[in-house]
Amino acid sequence: MISNEAEAIRTSILRTNLTDEEITLLVEALRFSRSLISQANVQSFRQGDKVKFTSSRDRQIHIGTVLTVGRKNIVVRTPLGSYRVPASMLSAA
C-alpha cells in the first residue's frame, strides 16, 4: 500500500508537465539518494554483528552473524547456511 506522502509526490509529478530532460535529472537524483542510503546501511554493520532479515524467497525471518561486509551486500551466517544480503534488508537482531 502506498503512503499518503508517496501518493502526494506521485500525484504532483503526474500533474506537472516535466520534460524528458527534467525526468532524467529527477531519476538521477533519486538514484544518487538511494546510493547514499545504501552506503549508510552498509557502514552501520561490522563483522560479528547479530542481524536479522526476511528472506524474499520463503518470507521467513533469519537471524545470523555478519561474516563480511562488501560494497553493496553483507554475508550473513545463519544456522541454515550463509546468505549474501543487501544491506537495506538487514536490521540489528
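Some notes on this structure:
- Surface listing: ILE23, ILE63 arranged by accessible area from highest to lowest gives ILE63, ILE23, probe 1.4 Å.
- Helix 20-43 vs. the chain, principal-axis angle (Cα, 0 to 90°, nearest 10): 20 degrees
- Largest-first ordering by accessible area, 1.4 Å probe, given options LYS50, LYS72: LYS72, LYS50
- The distance between label points at LEU14 and SER82 comes to 4.6 nm (points 7 Å beyond Cα on the Cα→Cβ vector).
- Annotation: amide H of ASN73 has no partner in the under-5 Å range at sequence separation 5 or more or interchain, hydrogens built in the peptide plane.
- Of the residues ARG15, ARG77, the one with the largest accessible area comes first in the ranking ARG15, ARG77, computed with a 1.4 Å probe on protein heavy atoms.
- Mean Cα-pair separation over length for the chain, i.e. relative contact order, pairs under 8 Å, 6 or more apart, %: 21 percent
- Computed over the chain, Kirkwood Rh from alpha-carbon pairs, angstrom: 15.5 Å
- Taking label positions 7 Å along the Cα-Cβ direction at both SER33 and GLU5, the computed distance is 1.0 nm, reported to one decimal.
The values are calculated or read from the model by the stated rules, or taken from the named source; none is laboratory data. Here the structure is a predicted model, which is why all the values come from computation and not from measurement. Don't worry about glycine lacking a Cβ; one is built from the backbone with ideal geometry, like all the others, and counts go over all protein chains shown. To get the accessible areas, we keep the full protein, side chains included, count just its heavy atoms, and leave off ligands, DNA and RNA. Shrake-Rupley method; radii C 1.70, N 1.55, O 1.52, S 1.80 Å.
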